[in-house]
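Here the structure comes first, spelled out in structure tokens, and everything after it is commentary.
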Amino acid sequence: MIALGILLVLVLLLVVFGLLFRLQILTSIFSGSFTRDIGVSNRVNAILMVVFLVVGGAAFAWSFADNFGKMNPPIASVHGHEMERLFWTTMIVIGIVFVLTQALLFLYSYKYQHKDGRRAFFFPHNNKIEIIWTVIPAIVMAGLIFAGWKEWTKITGPAPKDSVVVEIMGKQFNWLLRYPGRDMKLGVVNYRLIDATNEFGLDLNDKSSLDDYVFTSGEIHVPKGHPVLLKIRSRDVLHAVYMPHFRVQMYAVPGMPTKFWFTPTKTTDEMRSELGNPKFNYELACNQICGRGHFAMKMNIVVDEPEDYVAWYAQQKSFSEQNPDVLASFKQKANKPVNQEATPAAAAVVPVAAKASL
């Protein structure tokens with residue numbers, strides 16, 4: 001309430017000053033004076049420009065320093081260091097330009113305030129200046145874009161052949177996970193086959209789908225020091241796979257699978273020890289506002305030592321083991337005798353689900 005009261009007082013003061021300024025102008029008009037009186041308000045505004053520059057700049061610097069740790073969590077992936085270097089290189093370049101232009105903007109507002117007897121110099125065009133401020137930014141931006149493109153094509157390109165594959169599907173409002181089974185191959189999926197039990201839309205005609213591990217809750221497990229390929233899908237709207245400590249962010253787009261691969265460098269226990277926080281967990285979160293339940297789209301990531309990951313993987317159950325009734329029902333439908341009274345064309349039809357390549 002105190003803050004609201006102070007805000008209302010400030011607003012009222014601004015209104016009063018505006019009315020007084022307007023009254024001064026109207027008085028000059030009615031008195032028939034043709035001399036434009038600038039008054040002290042022009043100098044006050046010029047001084048306020050400098051005050052705003054100093055106070056605003058100091059507030060920005062304090063806010064930036066105070067929140068630096070929150071904006072830059074420790075890096076826990078191989079490519080994360082290069083991404084960080086590119087990010088801060090870009091921030092430094094545009095930061096220098098920003099500070100320089102804003103400082104000149106406010107200082108010039110003070111330096112070139114109106115003074116009687118001084119006229120502004122009309123400067124319509126200068127080819128040399130136009131070339132300088134076009135060519136130099138173009139070269140700098142091209143360099144930044146090329147460096148970013150080079151790193152981006154690496155982490156979104158073909159992953160190492162021995163990568164651990166994890167498929168992530170976003171839906172309102174949680175994440176679904178799928179690991180390949182003992183055959184190390186993800187089976188075929190088809191969105192038309194999605195139902196309350198088969199949330200991934202596994203095509204059970206494909207043997208590779210039967211041994212896939214499907215999780216609708218729980219944690220993501222990945223091994224330290226081993227490449228991890230994320231295959232990303234969305235079942236409904238636009239989501240985003242955001243893993244800040246691994247410097248991973250990739251959109252989950254309906255109808256357009258995406259991918260991203262990275263190599264973790266610190267286990268969950270090592271990061272807990274480094275931060276001195278025994279409750280720390282790596283996190284997968286959606287950072288696109290995807291609906292009312294957006295806040296719930298979080299999942300913990302567990303980075304294991306390689307041997308611990310192997311032990312965890314060996315304990316998992318495949319989709320067919322978790323849902324034996326679904327598999328039995330599917331086999332029963334597939335083996336059901338065809339109606340003898342049906343036409344030859346109809347008799348040739350068997351319930352085979354359409355396949356969609358990964």
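The values are calculated or read from the model by the stated rules, or taken from the named source; none is laboratory data. This is a predicted model, so every value here is computed, not measured. Note that we place each Cβ from the backbone using ideal geometry, even for glycine, and neighbour counts take in every protein chain shown. SASA here: full protein model, heavy atoms, side chains in, ligands and nucleic acids out. Shrake-Rupley method; radii C 1.70, N 1.55, O 1.52, S 1.80 Å.
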* Asked: In the stretch 74-121, what count of residues is obtained for those that are in a loop (DSSP other than H, G, I, E, B) and over 29 Å from the mean Cα position of the chain (by Cα)?
  -> 10
* To do: Considering only the stretch 214-239, state which residues are surrounded by fewer than 20 Cβ atoms within 10 Å (Cβ to Cβ) and touching a Phe, Trp or Tyr at 6+ places or on another chain (Cβ under 7 Å).
  => Pro227, Leu229, Leu238
* Structure fact -> Of Arg85, Arg119, the only residue that is over 29 Å from Ala46 (Cβ atoms) and open to solvent by 100 Å² or more (accessible area, probe 1.4 Å) is Arg85
* Structure fact -> Among residues of the stretch 192-204 being modelled with pLDDT under 85 and open to solvent by 60 Å² or more (accessible area, probe 1.4 Å), the residue nearest to Val326 (Cα to Cα) is Thr197
* Here is a list of conditions, (1) in contact with a strand residue (DSSP E or B) (Cβ under 8 Å, 6 or more places away or on another chain); (2) assigned to a helix (DSSP H, G or I); (3) not polar (S, T, N, Q), and Val166 meets all of them except one; can you say which number that is? -> (2)
* Residue check, Pro158 against (1) buried (at least 17 other Cβ atoms within 10 Å of the Cβ); (2) under 27 Å from the mean Cα position of the chain (by Cα), all met but one. Which one? -> (1)
* To do: Determine the pairs where a residue that is over 19 Å from Gln322 (Cα atoms) and open to solvent by 10 Å² or more (accessible area, probe 1.4 Å), located within the stretch 164-183, has a partner that is of a type in the set (Val, Ile, Thr) and in a strand (DSSP E or B) with Cβ atoms under 7 Å apart, the partner being 6 or more residues away or on another chain.
  => Val164/Val222; Val164/Val228
* Asked: Could we say that Trp62 is surrounded by fewer than 11 Cβ atoms within 10 Å (Cβ to Cβ) and among the aromatic types (Phe, Trp, Tyr) here?
  -> yes
* **Close pairs (9 angstrom Cβ cut-off, 6 or more residues apart or separate chains): within 16 Å of Asn45 (Cα to Cα) in the stretch 8-23, open to solvent by less than 80 Å² (accessible area, probe 1.4 Å) anywhere** => Phe17/Ser41; Phe21/Gly39; Phe21/Ser41
* Asked: Can you find a residue in the stretch 38-59 that is open to solvent by 50 Å² or more (accessible area, probe 1.4 Å), out of contact with any Pro (no Cβ under 6 Å at 6 or more places or on another chain), within 30 Å of Pro244 (Cβ to Cβ) and modelled with pLDDT of 90 or more?
  -> yes
